[in-house]
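This report refers to the structure that appears directly beneath it.
Please treat every number below as a calculation from the coordinates, not as lab data. Note that this is a predicted model, so its numbers are computed, not measured. Here the Cβ positions follow ideal geometry from the backbone for every residue, glycine too, while neighbour counts run over all protein chains shown.
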Amino acid sequence: MRKSTFYIFQYIFLLLLITGVLPAQAEDSVSNSFNTTGQVKILPVTQTCTGKPWQHIVWVHVHDNEETARQTALMALNQIQQGCLLDFRHGGSREIRIQTNDVNYYFDPNRIFTETGRKNALKCLRGNCAQAREELTQEVDGFLNQYMIHAKLIVALHNNHPSGLSIRNYVPGGSMAHGMSQVAVSPDKDPHDFFYVTSQRAFEFLSGRSFNVVLQNNQTVRDDGSLSVWAARQEIDYINSEAGTGNLASQMVMLAAVWAYMQEYYL
Ligand SMILES: [Zn+2]
C-alpha cells in the first residue's frame, strides 16, 4: 500500500466515523456461556462476522471491560464488510471468574496462552484447583486449535487507562522495556495509542506511518502467557492495536493502518 493510498483510506474511515454512516451490523454470534453438557464454559467466546471470514487473519478482543476497542473493531469490520471478531464476553470485567458449587477461581484471559502463564495467572480460591488448571488448559488448547493455530496474522485489540500503559513504558529505562527490541515514538500521537507487534515487517510498516510502535523481542520476552508470546512461538504475525480508553477515533485510524497492512501482505 502506497502512503498516499493509505491516507485516503484513513480519511474515508474517519469520514464515515464522523458522519455516522454505518451499515447495519451483520452479526453472526455464537455466544456460549455453557457448553452442551450444561457445565460452565471457561472461555466465553463470541464470534461476530460481517461478510465472509478471512482465511488466515483473526481479530480478537479478550478483555471484556475494554469497550472502546470492541466498538472500534466492530465499526471497522462494518466498513470493511468482511472478517470476524472473536470476542470474550463475560460480564464486563477484565478477569474471567468461574464460580460453581465445586470451585471458585479467576484469571486474566490474556495470561493463559502458555503453560507458565497459566500457572501464574490462575488464582484459585476454593475447590479442586488442580482440576481447574487442567480444565483451563484443555479449554485454551481447544480455543487455540480452533481459532488461532492456522492464522498467519492475529490482530488483538486493547485499551489502557490514563494512569496505565503507554508507549513511554517501552522506551529504554521504562518499566516494560525488557524483552523489547525496538520502539518508535511519534510526537504527533497520544502516547497511550500504540501498536505492539512481533514482526520487523509490521514494525517498519506502522512506524513508517508515524504511529507509536513497539517490537517485541521474540527471543528474550518474558513468558507471561499473553497471546503475543504464544504467537511469536508459532511464528504468527501479531499486531496489538492498543489505545487509550475512549480514544475511539484514533483507534479507528490505527485499524485503518492495520487494514492497509492486511491488504499489502495478506489479502
Ligand atoms: Zn486489554
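Can you tell me which residue within segment 65-78, out of those that are in contact with a helix residue (DSSP H, G or I) (Cβ under 6 Å, 6 or more places away or on another chain) and polar (S, T, N, Q), is farthest from the ligand (Cβ to nearest atom)? Walk me through it before giving the result.
Residues of segment 65-78 that are in contact with a helix residue (DSSP H, G or I) (Cβ under 6 Å, 6 or more places away or on another chain), as a first pass: 68, 72, 76.
Now restrict to residues that are polar (S, T, N, Q): 68, 72.
Numbers: Thr68: 11, Thr72: 13 Å.
The extreme case among them is Thr72.
Exactly one condition in (1) aromatic (Phe, Trp, Tyr); (2) more than 16 Å from the ligand (Cβ to nearest atom); (3) touching a residue at least 40 places away in the same chain (Cβ under 8 Å) is not met by Tyr105; state its number.
Here Tyr105 clears every test but (3).
For segment 154-191: of the residues being under 16 Å from Ser226 (Cβ atoms) and without any contact (Cβ under 8 Å) to a residue 40 or more places away in the chain, which is nearest to the ligand (Cβ to nearest atom)?
Applying the first criterion (under 16 Å from Ser226 (Cβ atoms)) to segment 154-191 yields 154-160, 164-165, 169-170, 175-176, 178-180.
Next, from what is left, pick out any that are without any contact (Cβ under 8 Å) to a residue 40 or more places away in the chain: 164, 169, 175-176.
On the way: Gly164: 10, Asn169: 14, Ser175: 17, Met176: 14 Å.
So the residue we want is Gly164.
Quick one: Thr116 ticks every box in (1) more than 16 Å from the chain's Cα centre (by Cα); (2) polar (S, T, N, Q); (3) within 16 Å of the ligand (Cβ to nearest atom) except a single one, so which number is it?
Just one mismatch for Thr116, condition (3).
Which number in (1) surrounded by 20 or more Cβ atoms within 10 Å (Cβ to Cβ); (2) closer than 17 Å to Glu242 by Cβ marks the one condition that Phe107 misses?
(2)
Select, from Glu139, Glu66, the only residue that is over 15 Å from the mean Cα position of the chain (by Cα) and in contact (Cβ under 8 Å) with a residue 12 or more places away in the chain.
Details: Glu66 fails: over 15 Å from the mean Cα position of the chain (by Cα).
So the residue among Glu139, Glu66 that is over 15 Å from the mean Cα position of the chain (by Cα) and in contact (Cβ under 8 Å) with a residue 12 or more places away in the chain is Glu139.
Pull up segment 153-175, narrow it to residues that are among the small types (Gly, Ala, Ser) and buried (at least 19 other Cβ atoms within 10 Å of the Cβ), then point me to the one that is farthest from Asp87 (Cα to Cα).
Here is the first cut: in segment 153-175, the ones among the small types (Gly, Ala, Ser) are 156, 163-164, 166, 173-175.
Okay, now just the ones that are also buried (at least 19 other Cβ atoms within 10 Å of the Cβ), so 156, 166.
Numbers: Ala156: 10, Ser166: 23 Å.
Per the criteria, the residue is Ser166.
Anything in segment 84-101 that is away from the ligand (no atom under 14 Å from the Cβ) and loosely packed, with under 13 Cβ neighbours inside 10 Å? List them, or say none.
Hits for segment 84-101 are Gly91, Thr100, Asn101.
Being away from the ligand (no atom under 11 Å from the Cβ) and in contact with a Gly (Cβ under 6 Å, 6 or more places away or on another chain) is the filter here, so list the residues in segment 50-64 that pass it. Full working, then the answer.
The initial filter retains those residues of segment 50-64 that are away from the ligand (no atom under 11 Å from the Cβ), namely 50-59.
Selection gives Trp54 alone.
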